[in-house]
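What follows is a short report on a single structure.
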Amino acid sequence: MDLFANLQNGVFICLQPINLLLCFVGVLVGTLVGVLPGLGPSAAIALLLPTTFHIPPISAIIMLAGIYYGAMYGGSTTSILVNIPGEAASVITTLDGYQMARKGRAGAALGISAFGSFIGGTLSIVALMFLAPPLAEVALGFGPPENFAFLCLGLLLVSSLGGASFIKAIMMAVLGVFLGSVGRDVITGTPRFCFGITDLMDGIGIVPLVMGLFGIAEVLLNVEETAQRVVVAKHIGGLLPNLKDWKDSMGAILRGTGIGFFLGILPGGGSIIASFASYSIEKKISKEPEKFGTGMIQGVAGPETANNAATGGAFIPLLTLGIPCNAVMAVLVGAMMIYGIHPGPMLIRDHGDLFWGVIISMYFGNIMLLILNLPLIGLWVKILKVPYPILFPLILIFCLIGAFSLNNNIFDVTIMVLFGFVGYLMRKFRYDAAPLIMAFVLGPMIEENLRHSLLLSKGSPMIFFTRPVAAALILVNLFLIIRSLYKYIVQGRSAKVIL
Amino acid sequence: MDKSSLSFILVLSVFISFGSIPLKLGTLANPGPGFFPFVAGAILGILSLASLIERIFSSSGKGEKSSWPAKGGIRRLIQTSLALIFYVLFLEKAGFILITFCLLTFLFWRVGYQRWHVSFAGGLLFTLFFYFLFRVLLQVPFPKGWLGI
């Protein structure tokens with residue numbers, strides 16, 4: 001099927017009323033999640049997952065994907081109006097966005113953020129559309145050794161690009177691998193670490209785990225605080241950027257698109273790093289770098305474009321190789337497996353409808369977000385003013401119901417609450433949950449590919465070095481480990497290791 | 001890194017590794033079900049032990065400090081945690097409506113510092129809202145408990 005025919009098919013799928021409606025629900029929920037500090041797209045996707053069990057998988061993925069890129073739009077609202085990032089990817093927007101709001105230019109900041117997000121998101125989808133199919137063709141030639149090496153690379157990159165120290169991130173990744181092994185062994189059926197609990201035979205569910213680590217833990221962290229949110233602007237006008245705003249921002253928007261897309265593809269890269277990288281570059285090339293932090297529009301346009309462009313890039317490894325490059329994508333992988341869809345190079349071939357339907361839905365989603373974000377600013381401001389002591393019990397109930405409704409089983413709720421406490425302690429001791437989630441999802445795939453590779457080679461580890469692609473990937477893995485350990489030892493344990 | 005968290009992770013790694021042995025490690029040619037968790041446990045143990053030793057003998061100061069909440073924050077945290085545990089223990093026995101009402105009212109009142117009649121009304125209102133949304137609209141079967149609804 002050629003590209004035009006695929007696009008036509010995708011448009012036809014997306015224009016079905018149910019898919020349009022669910023795309024709208026997804027981006028609306030995503031924006032809400034982005035506006036409200038605390039929940040995050042990972043927990044929101046996990047929370048809404050049980051509600052999608054009775055709808056077709058394509059429709060479900062359209063909605064869940066909408067939550068992800070919708071959250072990037074919503075996160076900028078709180079950054080600009082309250083100086084508190086709604087999402088981690090909007091942290092950098094607080095520097096100049098809030099300053100613009102203080103100077104009475106909240107409308108311009110919100111407007112350019114929305115338009116930049118739209119342009120970045122849309123262009124990254126175009127790139128996704130052209131790059132994904134040929135990449136999937138290449139990946140079809142991968143066997144268990146190549147898959148093993150590539151999955152390990154993904155985990156290592158997430159660990160080394162993450163926020164905490166490399167050693168801590170690797171420990172969390174290894175712990176995630178262990179948690180992923182709980183349950184019946186896929187090959188022999190032997191129960192592993194089930195302690196006689198029947199509910200553990202199918203393993204720990206991804207939904208209660210994510211909702212616990214990201215949802216419950218976040219609420220527990222927030223109830224410690226009593227600080228009130230102050231919204232800086234009572235009335236927000238002038239949402240459409242003027243000619244000067246466009247002139248000042250267009251370069252930042254185009255650069256942000258490129259930076260965001262390519263960093264989004266990288267496991268461990270994603271929206272957060274993309275937004276930081278864009279800000280750094282804009283400041284470096286600016287004729288007035290000293291003014292960054294005082295309300296420069298480029299400091300809003302670039303990062304906000306980059307974090308949305310990264311969402312398009314993040315879908316490439318997911319939809320073509322079946323490898324999630326961040327925690328949100330890992331939850332989407334979990335969701336797809338629940339629907340019986342195995343993401344990987346065969347996805348485009350075996351589930352072409354799903355691939356092209358989701359891609360086209362992202363175009364529609366970005367248009368909906370642009371329309372939603374500007375006129376509904378007043379609504380988001382009202383929501384922001386709801387005191388957290390009122391909100392957090394409602395968030396907890398959503399999480400508790402969400403976990404219960406998975407299998408109508410109190411065990412899932414127990415797991416979620418338990419991991420909520422674990423997640424809280426992890427944050428207190430500064431351990432990052434993202435590598436744990438990634439490893440939890442990738443661990444079983446890594447194990448399966450490792451065992452198949454060793455079975456193929458009759459136990460010889462040389463299989464990883466005699467196949468060229470696998471050998472190259474293993475060498476990259478070893479290089480990453482040695483480089484990261486060297487930097488850790490030389491610079492000290494507090495150093496953040498970046499490639 | 002905090003010594004206590006590293007010590008806990010070290011103990012956990014020993015548990016994982018020793019717990020994997022009875023599952024059969026197999027051979028390199030045919031790895032058994034215990035092979036992968038054993039390797040994971042071993043790596044975790046090595047990393048945590050090395051970090052712990054480095055932490056103990058480190059001369060660069062106390063290292064990263066965890067940020068624990070102030071007294072009021074600890075109280076709210078404990079109340080919320082106990083409320084969650086209570087919810088899990090009694091959801092199936094007491095039923096969704098009763099236990100959700102209790103949780104919401106308690107959290108609004110004791111953790112959210114709302115007046116008791118506002119908390120009561122809010123708890124009731126939102127319980128009915130969630131019941132309508134999830135039970136009636138989305139057909140999620142909730143436990144009926146003592147009230148039978």
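The values are calculated or read from the model by the stated rules, or taken from the named source; none is laboratory data. Small disclaimer: the values here were computed from a predicted structure and weren't measured. Quick reminder, even Gly has a Cβ in these numbers, built from the backbone with ideal geometry, and neighbours come from all protein chains shown. The area values use the complete protein model at the heavy-atom level, side chains included, leaving out ligands, DNA and RNA. Shrake-Rupley method; radii C 1.70, N 1.55, O 1.52, S 1.80 Å.
Structure summary
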item	result
Any chance B:A29 is among the aliphatic types (A, V, I, L, M), facing chain A (nearest Cβ under 7 Å) and part of a loop (DSSP other than H, G, I, E, B)	yes
Wholly within region A:239-352, helices (runs of 4 or more DSSP H) carrying at least 3 residues that are buried (at least 18 other Cβ atoms within 10 Å of the Cβ)	A:243-265, A:270-285, A:298-316, A:327-338
Residue within region A:417-428 that is part of a helix (DSSP H, G or I), more than 9 Å from chain B (Cβ to nearest Cβ) and crowded, with 24+ Cβ neighbours inside 10 Å present	yes
Looking only at region A:434-468, and only at residues there that are away from chain B (no Cβ under 14 Å) and crowded, with 16+ Cβ neighbours inside 10 Å, the one that is farthest from A:D202 (Cα to Cα)	A:R467
Test result for B:F57, modelled with pLDDT of 90 or more and open to solvent by 30 Å² or more (accessible area, probe 1.4 Å)	no
Residue ID - most open to solvent (accessible area, probe 1.4 Å), chosen from residues in region B:69-88 that are at the interface with chain A (Cβ under 8 Å from one of its Cβ atoms) and either closer than 12 Å to A:F421 by Cβ or aromatic (F, W, Y) (or both)	B:I85
Residue check for A:S113: out of contact with any Leu (no Cβ under 9 Å at 6 or more places or on another chain) and of a type in the set (S, T, N, Q)	yes
Counted residues, region B:96-149 - those being touching a residue at least 40 places away in the same chain (Cβ under 8 Å) and on the phi < 0 side of the Ramachandran plot	10
Check on B:L6, touching a Pro at 6+ places or on another chain (Cβ under 8 Å) and under 19 Å from A:L179 (Cβ atoms)	no
Residues being within 23 Å of A:L221 (Cβ to Cβ) and surrounded by fewer than 19 Cβ atoms within 10 Å (Cβ to Cβ) - total across region B:112-131	1
Residue check for A:D432: in contact (Cβ under 8 Å) with a residue 12 or more places away in the chain, among the charged types (D, E, K, R) and within 30 Å of B:V136 (Cβ to Cβ)	no
In region A:139-188, residue nearest to A:K428 (Cα to Cα) [restricted to those that are outside any helix (DSSP H, G or I) and not small (G, A, S)]	A:V182
Residue selected from region A:395-416 under the condition of a type in the set (F, W, Y) and buried (at least 20 other Cβ atoms within 10 Å of the Cβ), by the criterion modelled with the highest pLDDT	A:F404
Residues of region A:445-461 that turn out to be under 26 Å from A:S159 (Cα atoms) and over 20 Å from the mean Cα position of the chain (by Cα), as a count	10
Residue that is farthest from the other protein chains (Cβ to nearest Cβ) [pool: residues in region A:364-377 that are open to solvent by 40 Å² or more (accessible area, probe 1.4 Å) and in a helix (DSSP H, G or I)]	A:I367
Failed item in (1) touching a residue at least 40 places away in the same chain (Cβ under 8 Å); (2) at the interface with chain A (Cβ under 8 Å from one of its Cβ atoms), with B:G41 passing the rest	(1)
Some residue of region A:340-360 being free of Cβ contacts under 8 Å to residues at least 24 places away in the same chain and within 14 Å of another protein chain (Cβ to nearest Cβ)	no
Candidate set from region B:1-25 (those that are facing chain A (nearest Cβ under 9 Å) and farther than 30 Å from A:K428 by Cα); member that is surrounded by the most Cβ atoms within 10 Å (Cβ to Cβ)	B:L23
Residues that are without any contact (Cβ under 8 Å) to a residue 12 or more places away in the chain and farther than 14 Å from B:P31 by Cβ, drawn from region A:448-470	A:M462, A:F465, A:T466, A:P468
A:G97 vs. criteria buried (at least 24 other Cβ atoms within 10 Å of the Cβ), in contact with a Ser or Thr (Cβ under 6 Å, 6 or more places away or on another chain) and over 22 Å from A:F315 (Cα atoms)	yes
Residue list for region B:135-149, filter: surrounded by 17 or more Cβ atoms within 10 Å (Cβ to Cβ) and at pLDDT below 85	B:V140
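Residue-by-condition table, conditions (1) under 20 Å from the mean Cα position of the chain (by Cα); (2) away from chain B (no Cβ under 13 Å); (3) within 28 Å of A:M462 (Cβ to Cβ); (4) crowded, with 23+ Cβ neighbours inside 10 Å:
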position: A:P145; (1), (2), (3), (4): no, yes, yes, yes
position: A:L155; (1), (2), (3), (4): yes, no, yes, yes
position: A:S159; (1), (2), (3), (4): yes, no, yes, yes
position: A:K168; (1), (2), (3), (4): no, no, no, yes
position: A:A173; (1), (2), (3), (4): yes, no, yes, yes
position: A:V177; (1), (2), (3), (4): yes, no, yes, yes
position: A:G183; (1), (2), (3), (4): no, no, no, no
position: A:V186; (1), (2), (3), (4): no, no, yes, no
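Residues are listed down the side, and each one gets a yes or a no for (1) of a type outside the set (S, T, N, Q); (2) out of contact with any strand residue (DSSP E or B) (no Cβ under 9 Å at 6 or more places or on another chain):
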residue	(1), (2)
A:T93	no, yes
A:G97	yes, yes
A:G107	yes, yes
A:I119	yes, yes
A:T122	no, yes
A:I125	yes, yes
A:E137	yes, yes
A:V182	yes, no
A:R192	yes, no
